[in-house]
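Okay, structure first, notes after.
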Amino acid sequence: MATNNARLVALDAICSVVLDKKSLSAFVYPEQDDAFAKSMVFGTIRFYHQLNDIVTNLLEHSLKKEDLDIHCLMLLGAYQILHSNVASHASIFETVNVAVDLNKDWAKGLVNAILRQIDRNKDKLLAQTHYSHPTWMVKKIKQNYPSDFEQIFNQNNTQAPMTIRVHPKYSTQDYQQLLNQVAINSKLLEVAPQALVLDKPTSVYDLPDFETGSCYIQDASAQLSAPLLEPKDSDLILDACSAPGGKTTHLSELAPNAKIIALDSDETRLERVVQNAQRFNINNIEIIQGEAQRQDWWDNKPFDKILLDAPCSATGVIRRHPDIKLLRKPKDITALVALQAEILDNLWQMLKPGGILLYSTCSILKAENELQIADFLYNHDDASEIKIDLDWGIKTVIGRQQLPSHDFDGFYYAKLIKQA
C-alpha cells in the first residue's frame with residue numbers, strides 16, 4: 001500500500017471514531033491490512049486530546065461541519081510530527097497530499113501551514129504537560145488515585161505488550177524455548193505462572209502450534225481470574241459474561257472435568273467462545289445466550305462457583321483501546337454501576353450456600369470496584385469477603401486493584417463467599 005493510501009485509510013478510521021463516535025474495533029481495515037496505517041490510527045486516537053488542543057489553538061476559526069475530516073487530517077499530521085518515527089518533512093508532505101485525495105485542494109495550504117507551525121514548536125509543545133485524557137476522566141482518576149495518577153496517564157498513553165497464556169500441556173519454560181527457536185523473545189511473570197510477556201507483538205500464526213491450542217492471547221491481569229476462583233473437577237461453574245472465552249477456557253484448563261456454563265448476551269461474541277473451545281479441543285463447556293441480570297436461561301441448579309467479569313468502563317485497558325477516551329462519557333459510569341449491582345444481586349441467588357463468587361472488572365474506577373462491592377456486602381447479610389492474599393496490585397478496602405503498569409492491565413478483583 002502506498003504511504004499516501006495508508007494515511008487515507010488511517011484518516012477514515014480516525015474520522016469514524018472522532019466524528020461518528022464508532023468503536024475502533026468496529027473499523028474494518030482493507031484486506032492488505034497495513035501496520036503503518038494501524039499504528040497511525042492508534043497513535044492519533046491515543047493522543048487525541050493533546051493533538052486536538054494544539055490544532056484548535058492554531059486555527060483562526062473552526063472548520064465547517066462538512067470539512068471536519070480536514071481537522072482530523074491535521075490531527076493525524078500532528079501525531080506523526082510529535083509522536084512517530086516518521087521524518088517531519090515526509091509527514092507534512094504526505095499528509096498535505098491527502099487533502100487532494102479528499103478532493104479538497106483548497107485545504108492544502110491550511111494543513112501545510114498548521115503542520116509546519118507544529119514542527120517549529122515541537123520541543124516546546126512536547127515539554128508541556130498534557131495527560132491527553134478527557135477532563136472528566138482526569139478529574140476522576142486524580143480523585144481516586146492522588147499518588148498514582150501520573151503512572152496511570154503515562155501507561156494509558158503507551159502501547160500495551162502482547163501477553164500469552166501458555167496451555168498447561170506445556171511447561172511455560174518449555175514453550176518459552178519454542179518461542180526462542182523462532183526468534184520470539186519473552187519473559188516469565190511470577191504472579192501469573194502461565195504468562196509470557198512478549199518483547200514485541202507478533203502475528204498469532206508465528207506462535208508455535210497456536211492453531212492446535214498451545215496458547216491464548218490474554219493480559220497477565222486477566223490470567224489471575226481462573227486461579228483465584230480455584231476451580232475443582234467436581235464444580236458446576238458459571239462464567240457469567242464469558243465472551244470471547246479467555247477466562248472460560250482457562251477455567252477448563254485448570255479443571256478439565258468441571259461443568260462450565262459460558263453465558264453471554266451477545267450472539268456474535270459467543271461464536272468466539274465456540275471457536276476458542278474448539279481450538280483447545282475443550283468439551284466441558286456449555287454455551288448459553290442470555291443476560292446475566294435475568295434468570296430465564298437458568299435451570300435452577302445452584303452453582304458452586306461463579307465468575308462475574310462484569311460489564312465496565314474498561315478504564316484499565318485504555319492503552320489497548322484508546323478510543324475509550326473519546327467514547328466513554330460520565331453518564332456511562334452511572335449506568336454501568338447500576339447494571340453491575342443488578343447482575344450481582346441476580347447471580348448471588350444462583351450460588352450455593354458455601355459457594356464462591358469472584359467479581360472482576362477491567363476498570364480502575366472505585367465506583368465500579370471496591371465501592372460497588374462494599375454496597376453489595378452491606379445489602380447482603382449472607383455474603384462475606386475472602387481476602388485475596390497476593391503479591392500483586394494494591395490491597396484496597398475490599399478486594400485488590402491492579403493499576404496499569406508495563407506488564408499488567410488495570411484490573412480489580414473481589415472474592416465473596418455465601419454463608420452456608
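Protection proxy ranking, highest mean first, for peptides 396-402, 271-277, 197-203, 7-13: 7-13, 396-402, 271-277, 197-203, where packing is the per-residue count of other beta-carbon atoms within 10 Å, averaged. Peptides 326-337, 406-417 ranked from most to least packed give 406-417, 326-337, packing being the mean of other C-beta atoms within 10 angstrom over each peptide's residues. Shown here are the Rg and Dmax of the Cα trace of segment 160-199, at 9.3, 27 Å. Placing +1 on the Cβ of each Lys and Arg and -1 on the Cβ of each Asp and Glu in segment 320-383, which of Tyr378, Thr361, Leu344 has its Cα farthest towards the positive end of the resulting dipole? Positive-most Cα among the choices belongs to Thr361. For segment 297-377, the C-alpha radius of gyration divided by 2.2 N^0.38 Å, with N the number of residues, is 1.21.
Seen against the Cα atoms of the chain and their longest principal axis, helix 370-379 is set at about 30 degrees.
For segment 254-324, what is the relative contact order in percent, using Cα pairs closer than 8 Å and at least 6 residues apart in sequence?
RCO, segment 254-324: 30 percent.
Just to confirm the number: angle between the C-alpha axis of helix 135-144 and the first principal axis of the chain, 0 to 90 degrees, nearest 10? Around 40 degrees separate the two axes. For segment 1-159, the dipole from Cβ point charges (+1 on Lys and Arg, -1 on Asp and Glu) about the Cα centre works out to 480 debye, to the nearest 20. Separation of segment 265-339 from segment 369-420 is 18 Å, based on Cα centroids. Per residue, the solvent-accessible area of the chain (1.4 Å probe, heavy atoms of protein chains only, all protein chains present) comes to 46 Å². The charge dipole of the chain, taken about the Cα centre with unit charges on the Cβ atoms of Lys, Arg (+1) and Asp, Glu (-1), comes to about 1040 debye, rounded to the nearest 20. Of the residues Leu251, His49, Thr129, the one whose Cα sits farthest towards the positive end of the charge dipole of the chain is Thr129 (charges of +1 on Lys and Arg Cβ, -1 on Asp and Glu Cβ, taken about the Cα centre).
Toward the positive end of the charge dipole of the chain, with +1 on the Cβ of Lys and Arg and -1 on the Cβ of Asp and Glu, the farthest Cα among Gln173, Gly77, Cys15 is that of Gly77.
Distance from the Cα centroid of segment 204-229 to that of segment 154-174 is 8 Å (rounded to whole angstrom). Result for the chain in a Gaussian network model with C-alpha springs under 10 Å: among Ala226, Ala183, Ala314, the largest mean-square fluctuation is at Ala183. Pick from Leu358, Leu229, Leu19: which residue has the top mean-square fluctuation in a GNM of the chain where Cα pairs under 10 Å get a spring? Sorting by GNM fluctuation, first place goes to Leu19.
The values are calculated or read from the model by the stated rules, or taken from the named source; none is laboratory data. All of these numbers come straight from a predicted model, not from anything done at the bench. As a convention, Cβ positions derive from the backbone with ideal geometry for all residues, glycine included, and neighbour counts pool all protein chains shown. Protein only, heavy atoms only, side chains kept; ligands, DNA and RNA dropped before computing areas. Shrake-Rupley method; radii C 1.70, N 1.55, O 1.52, S 1.80 Å.
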